[in-house]
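Contents: one structure, followed by commentary.
The values are calculated or read from the model by the stated rules, or taken from the named source; none is laboratory data. All values reported here derive from a predicted model rather than from experimental measurement. Cβ: placed from backbone, ideal geometry, glycine included. Neighbour counts: every protein chain shown.
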Number of protein chains: 2
Amino acid sequence: MELELVRWLTENLPAHPLLRIGIGDDAAVLRWPTDGDLVVTTDGVTDEVDFILSETDPQLVGHKALGVNLSDLAAMAAEPVAAVVSLVLPRKGCGGRDAKELAIELYRGMLQLAEQFNVAIAGGDTNSWDGPLAISITAFGQVTQRGPLMRSGAKPGDLLLVTGALGGSILGRHLRVEPRVREALLLNERYELSAGMDISDGLALDASRLAAASGCGVALRLDQIPISADAVRLAACDRATPLEHALGDGEDFELLLTASPEVAEQIIREQPLGVPVTIIGECVDQRGLWKYGDQRQLLPLDASGYRH
Amino acid sequence: MELELVRWLTENLPAHPLLRIGIGDDAAVLRWPTDGDLVVTTDGVTDEVDFILSETDPQLVGHKALGVNLSDLAAMAAEPVAAVVSLVLPRKGCGGRDAKELAIELYRGMLQLAEQFNVAIAGGDTNSWDGPLAISITAFGQVTQRGPLMRSGAKPGDLLLVTGALGGSILGRHLRVEPRVREALLLNERYELSAGMDISDGLALDASRLAAASGCGVALRLDQIPISADAVRLAACDRATPLEHALGDGEDFELLLTASPEVAEQIIREQPLGVPVTIIGECVDQRGLWKYGDQRQLLPLDASGYRH
């Protein structure tokens, strides 16, 4: 099985200018540009947790597996370069596809996204077993001249910004991940951001993490949080409000950023992205996660987020 | 669970001079030396296939998971630099350990090996599910001045060399992987090798792969193959001979190398490693895998190797 898959990959993986040795040897070799620091992220997705294989087009599963990794590179404002793929396949395949066919569909989904972001699929490892599907991808990127965008640079007084609209990704966006790579690179190049991350576990939890990493607190302006249509649709079917979905749902894969008020307001004025950027709060001295009361006093906000 | 594990990792992962940003942000950042090509390998190991978790010290499992990746770097004559770890844990743990305790034991096993080879554990991802344990590691290395050692450089007339002794790794060596990193670096620096790989799927199969990648054949001198004591012990319990174990068993993680006769004989004379190096055959024009008959004629040899 692995032999046939390697043959398919050899024929279908496109060449890439930085890939010196790809599939077929014991390891891949990438030409790494002079003085380019290496950004590395690894993220795994598994059946019944991150997707339901029996109900999902495996190309979408492959897309998600790579997409969440590219989102992590975006979170560091790193330019994606390459990825390696480790598959553990159910021996019997799924949905009428044998294990090899399943692997090829997964790869097709990855390759489409890889092409879109000029990412070399540099290598992989494929195993099969009696367990369910598990995919682990490691992605590499380069930092730009500004250096990596970290979670830890926010200061009290900085404003909190978010791209896009939040909540309800379970209705489909959690699979169709659109990693905010170009958005992160553009913002980080053009404006002086102080901190950033991607929202994968829900705005409330991730905002509290950014605050903790920066040694400050974050106060959210609940009336200004952009709520996705999916969050509204979902709220019509359950007991949570659209805002609760926007705060707590996971897998938005939007960018959460901080910048000084001057820079943040400039970004809002210029709206340089295809997706809207919104100011949703500010960093404060008091550690923790906060919302504003009627008199603009700080009230504690629950940081429970999405549990995968 | 992941939060507690991240805390443990933050306290227990040693600093590394090349690691600028480790555990805790969206991705790791490694300082990459000027003009150093990046060698990348990814290899996964899974319960019931590569080890039996319920019967194995999880530190050994962690050791193996990293060891097989370092062995792939050794196969390229690359110097290991860093690794990232993706764990998918059985939600309920195993053998009286909960999932977090299991993860820590796995990491302890990896960290010991990582320290031995000066490898930075740069980051990781941890998930849990109802399935069995799966570990995927991606390891990075640097090529040395000689460049990477590939499978494809052997020429007819080159001699075939192997480190150590082969067969029977299932008796324990398959877990206690000793990646031949130092051996590969020393040999590749001091001698002009033409090709190399590590033996993971059995000598016969892997030798045929090296031959195929090099566009030639390989003829093995069956009476000169170093047979491990484990292969002898195993042969006493089953129907295979010690030689058959040495040819077909997997997971030796020894080096299979080729060099011109002059270079090969110099290596044999000088025996520069702590483990023996042995000439076990030669590269020939006729593609395929061969053994010698009584009149030194080439006879086909079955390339079936170990199936994980």
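Miscellaneous remarks
- Residue in region A:281-290 that is crowded, with 19+ Cβ neighbours inside 10 Å, out of contact with any Asp or Glu (no Cβ under 6 Å at 6 or more places or on another chain) and either aromatic (Phe, Trp, Tyr) or farther than 21 Å from residue A:194 by Cβ (or both) present: yes
- The set of residues from region B:15-46 being closer than 17 Å to residue B:250 by Cα and not small (Gly, Ala, Ser) comprises B:43, B:45, B:46.
- Hits in region A:217-265 (condition: within 15 Å of residue A:207 (Cβ to Cβ), in contact with a Phe, Trp or Tyr (Cβ under 8 Å, 6 or more places away or on another chain) and in a loop (DSSP other than H, G, I, E, B)): A:221, A:249, A:250
- If you check B:161, B:133, B:149 for being in contact with a strand residue (DSSP E or B) (Cβ under 7 Å, 6 or more places away or on another chain), hydrophobic (A, V, I, L, M, F, W, C) and more than 28 Å from residue B:28 (Cα to Cα), only one passes: B:161.
- Filter result (without any contact (Cβ under 8 Å) to a residue 40 or more places away in the chain and either buried (at least 19 other Cβ atoms within 10 Å of the Cβ) or closer than 30 Å to residue A:31 by Cβ (or both)) within region A:94-106: none
- Subset of region B:20-62 (residues that are more than 7 Å from chain A (Cβ to nearest Cβ), more than 18 Å from residue B:100 (Cα to Cα) and aliphatic (A, V, I, L, M)): B:45, B:52
- Residue in region A:65-83 that is free of Cβ contacts under 8 Å to residues at least 60 places away in the same chain, assigned by TED's automatic domain parsing to the domain that holds residue A:130 and under 13 Å from residue A:136 (Cβ atoms) present: yes
- Residue check: residue B:96 meets all listed conditions (1) within 14 Å of chain A (Cβ to nearest Cβ); (2) modelled with pLDDT under 95 but one, namely (1).
- Unmet criterion (only one of (1) assigned by TED's automatic domain parsing to the domain that holds residue B:288; (2) under 20 Å from residue B:37 (Cα atoms); (3) of a type in the set (Phe, Trp, Tyr)) for residue B:191: (2)
- Breaking point among (1) under 30 Å from residue A:154 (Cβ atoms); (2) under 24 Å from the mean Cα position of the chain (by Cα), for residue B:51: (1)
- Output for region A:42-97, where each listed residue is under 20 Å from residue A:120 (Cβ atoms) and among the charged types (D, E, K, R): A:43, A:64, A:72, A:79
- Number of residues in region B:250-261 that are touching a strand residue (DSSP E or B) at 6+ places or on another chain (Cβ under 7 Å) and either without any contact (Cβ under 8 Å) to a residue 24 or more places away in the chain or within 17 Å of residue B:172 (Cβ to Cβ) (or both) equals 3.
- Against the conditions (1) touching a helix residue (DSSP H, G or I) at 6+ places or on another chain (Cβ under 8 Å); (2) over 30 Å from residue B:144 (Cβ atoms); (3) in a helix (DSSP H, G or I), residue A:92 satisfies every one except (3).
- Of the criteria (1) over 28 Å from residue A:206 (Cβ atoms); (2) in contact with a Gly (Cβ under 9 Å, 6 or more places away or on another chain); (3) in contact (Cβ under 8 Å) with a residue 60 or more places away in the chain, which one residue B:16 fails: (1)
- Conditions (1) touching a Leu at 6+ places or on another chain (Cβ under 8 Å); (2) surrounded by 18 or more Cβ atoms within 10 Å (Cβ to Cβ); (3) among the hydroxyl-bearing types (Ser, Thr, Tyr): number failed by residue B:56: (2)
Conditions (1) more than 14 Å from chain B (Cβ to nearest Cβ); (2) in a helix (DSSP H, G or I); (3) in contact with a strand residue (DSSP E or B) (Cβ under 9 Å, 6 or more places away or on another chain), marked per residue:
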site	(1), (2), (3)
A:267	yes, yes, yes
A:273	yes, no, yes
A:280	yes, no, yes
A:294	yes, no, no
A:303	no, no, yes
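- Boolean, residue A:76 is in contact with a Leu (Cβ under 6 Å, 6 or more places away or on another chain), farther than 19 Å from residue A:23 by Cβ and buried (at least 24 other Cβ atoms within 10 Å of the Cβ): yes
- Taken together, B:223, B:252, B:201 contain a single residue that is closer than 26 Å to residue B:287 by Cβ, assigned by TED's automatic domain parsing to the domain that holds residue B:287 and crowded, with 24+ Cβ neighbours inside 10 Å, which is B:252.
One line per residue, one yes/no per condition, for (1) modelled with pLDDT of 95 or more; (2) outside any loop (DSSP other than H, G, I, E, B); (3) hydrophobic (A, V, I, L, M, F, W, C):
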| position | (1), (2), (3) |
| --- | --- |
| B:177 | yes, no, yes |
| B:182 | yes, yes, no |
| B:188 | yes, yes, no |
| B:196 | yes, yes, no |
| B:204 | yes, yes, yes |
| B:208 | yes, yes, no |
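- Enumeration of residues in region A:107-152 that are over 17 Å from the mean Cα position of the chain (by Cα), within 8 Å of another protein chain (Cβ to nearest Cβ), outside any strand (DSSP E or B) and crowded, with 21+ Cβ neighbours inside 10 Å: A:131, A:132
- Scanning region B:153-166 for residues that are away from chain A (no Cβ under 14 Å) and closer than 24 Å to residue A:125 by Cβ, we see that the one that is surrounded by the most Cβ atoms within 10 Å (Cβ to Cβ) is B:166.
- Lone qualifier among A:65, A:82, A:103 - being among the small types (Gly, Ala, Ser) and more than 12 Å from chain B (Cβ to nearest Cβ): A:103
- Residue within region A:232-243 that is among the polar types (S, T, N, Q), on the phi < 0 side of the Ramachandran plot and buried (at least 22 other Cβ atoms within 10 Å of the Cβ) present: no
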